[in-house]
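Novice: What follows is a structure written as structure tokens; I'll ask about it next.
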Amino acid sequence: MHKILIFISFVFVTQAVASPTEAERIKRTYELSQESWILKMKIAKTDAERQALVAKRPSPEQAATELWAAIGRSLHQDWSIPYSAFYLNLTHHVPATDAATTKQRKAIMDGFEERHIGKPKIGTFCIALTQSGSPRALSMLEKVISKNPDKKCQGSAALGAALLLKNLGDSAEILEKRLTHLRMAIIQAADEKIGELEVATVAADELFVINHLIKGRTPPEFSGSDVAGRIIKSADFKGKINVILFWDAQFADINKVIEISNRLVDKYAGKPVSVIGITPESLASVRKLQADETIKWNNIIDSKNEISSLYRIKARPAIFIIDAAGKLEYSGLPGSFVELTVDALLKGE
């Protein structure tokens, strides 16, 4: 009898927390914790403080576990849709080897495809699909575009499809599809919200990227002051291969990035290759790092992130390689592909 009572109590508690109120509490608690952690990271003054904070970062896994308890039995209900989207966002980095999370994500995807494709107000879920990593995401978005009667839902799904398509390359066919979807997004869902941004804003950014920040395009020009107060302009590097490194000291692998970038400077010394850093770090700290040759490349201090915004930097480190003719040749992370690209450009390949 005692075991039966415990089981009944467990079921009662599980059912009690399976509610939009509880799901919203979990979501809001995590978001506030994350905002507080980001603020503390920004004001941390030393590497030791930042490293200590890294260990205290709010756990998306814990939030996802709590959220699943609140929504797992209610995926058929409309109120669960935005929280299902949030669950996908929390777990997008979880590897497929995590059987429990993989099963839960599949249940969410199955439930959405079976019950909610044609529902109104599913824009948030459509955008979450773009970060889900699921091979089903693009086909599900295309179903929303073709089957959902709500124009705004179609527009949000079109934006999501455009975001996913860029992972398939920059062929003429793919670019045309992306442009078609972006036009639909702007026409049909311009004022729909994605977090704090509107669909039109995100779509306009994607159009800017297509026009300026893919291979073969001419990237935007920039200028700023280096640690000596000299004005550095992107036009100064015409005729050279220019490696632009967007970096800061906030990420855990900064020492590895410094090592890789210093090796680039040493390898291409005396060749028509320039390495320029763009960083929001303080003038004093960067000046010291350059003075003692901890870092061997010159830097523009981008304290207001104006150049980073121009280049649509979402996360650092990020590298852009511009050829001698001023065309973008590579964008991505530091590593062997950077050297391979520069070597090929030097050989004229």
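Novice: Which condition number in (1) in the same structural domain as I313 (by TED's automatic domain parsing); (2) closer than 22 Å to S303 by Cα; (3) modelled with pLDDT under 95 is the one that K238 fails?
Specialist: (2)
Novice: Would you be able to say whether some residue in region 176-195 is under 17 Å from the mean Cα position of the chain (by Cα), surrounded by 15 or more Cβ atoms within 10 Å (Cβ to Cβ), not hydrophobic (A, V, I, L, M, F, W, C) and not assigned by TED's automatic domain parsing to the domain that holds V286?
Specialist: no
Novice: Search region 25-43 for residues being more than 17 Å from V54 (Cβ to Cβ) and touching a residue at least 12 places away in the same chain (Cβ under 8 Å), and hand back the single one that is surrounded by the fewest Cβ atoms within 10 Å (Cβ to Cβ).
Specialist: So in region 25-43, the residues more than 17 Å from V54 (Cβ to Cβ) come out as 25-32.
If we keep only those that are touching a residue at least 12 places away in the same chain (Cβ under 8 Å) as well, we get 26-27, 29-30.
Numbers: I26: 25, K27: 20, T29: 13, Y30: 20.
Selected residue: T29.
Novice: In addition: Looking at I295, I214, can you tell me which residue is over 23 Å from the mean Cα position of the chain (by Cα), modelled with pLDDT of 90 or more and surrounded by 13 or more Cβ atoms within 10 Å (Cβ to Cβ)?
Specialist: Working: I214 fails: over 23 Å from the mean Cα position of the chain (by Cα).
Result of the check over I295, I214: I295.
Novice: Further question: Would you check if there is a residue in region 326-346 being among the charged types (D, E, K, R), more than 20 Å from I258 (Cβ to Cβ) and part of a helix (DSSP H, G or I)? Explain how you work it out, then say what you get.
Specialist: Taking region 326-346 first, the residues among the charged types (D, E, K, R) are 327, 329, 339, 343.
Restricting the remaining residues to those that are more than 20 Å from I258 (Cβ to Cβ) gives 327, 329, 343.
Going one step further and asking which of them are part of a helix (DSSP H, G or I), we end up with 343.
Within region 326-346 (the criterion being among the charged types (D, E, K, R), more than 20 Å from I258 (Cβ to Cβ) and part of a helix (DSSP H, G or I)), the answer is yes, since at least one residue qualifies.
Novice: Six or more apart or on different chains, Cβ atoms under 8 Å: show the pairs whose first residue is in region 91-108 and without any contact (Cβ under 8 Å) to a residue 12 or more places away in the chain and whose second is loosely packed, with under 14 Cβ neighbours inside 10 Å.
Specialist: As it stands, the answer is T102/A96, since those pairs meet every condition given.
Novice: Looking for something of a type in the set (G, A, S) and closer than 28 Å to G216 by Cβ - is there at least one such residue anywhere in region 106-118? Steps first, answer last, please.
Specialist: In the first step, residues of region 106-118 are kept if they are of a type in the set (G, A, S); the result is 107, 111, 118.
Filter again for closer than 28 Å to G216 by Cβ, leaving none.
No; the residues of region 106-118 include none that is of a type in the set (G, A, S) and closer than 28 Å to G216 by Cβ.
Novice: Out of K121, K56, I need the residue that is assigned by TED's automatic domain parsing to the domain that holds A189, on the phi > 0 side of the Ramachandran plot and either out of contact with any Lys or Arg (no Cβ under 6 Å at 6 or more places or on another chain) or surrounded by fewer than 17 Cβ atoms within 10 Å (Cβ to Cβ) (or both). Which one?
Specialist: On the way: K56 fails: on the phi > 0 side of the Ramachandran plot.
Of the residues listed, the single one that is assigned by TED's automatic domain parsing to the domain that holds A189, on the phi > 0 side of the Ramachandran plot and either out of contact with any Lys or Arg (no Cβ under 6 Å at 6 or more places or on another chain) or surrounded by fewer than 17 Cβ atoms within 10 Å (Cβ to Cβ) (or both) is K121.
Novice: Would you list the helices (runs of 4 or more DSSP H) that sit entirely within region 92-210 and hold 1 or more residues that are modelled with pLDDT of 95 or more and farther than 25 Å from W68 by Cα? First the steps, then the outcome.
Specialist: Values: elements: 99-111, 123-130, 137-147, 151-165, 172-189.
Ranges flagged: 137-147, 151-165, 172-189.
The values are calculated or read from the model by the stated rules, or taken from the named source; none is laboratory data. It should be emphasised that the depicted structure is a prediction, and the values quoted were computed from it without experimental measurement. Cβ atoms come from the backbone with ideal geometry, glycine included; neighbour counts cover every protein chain shown.
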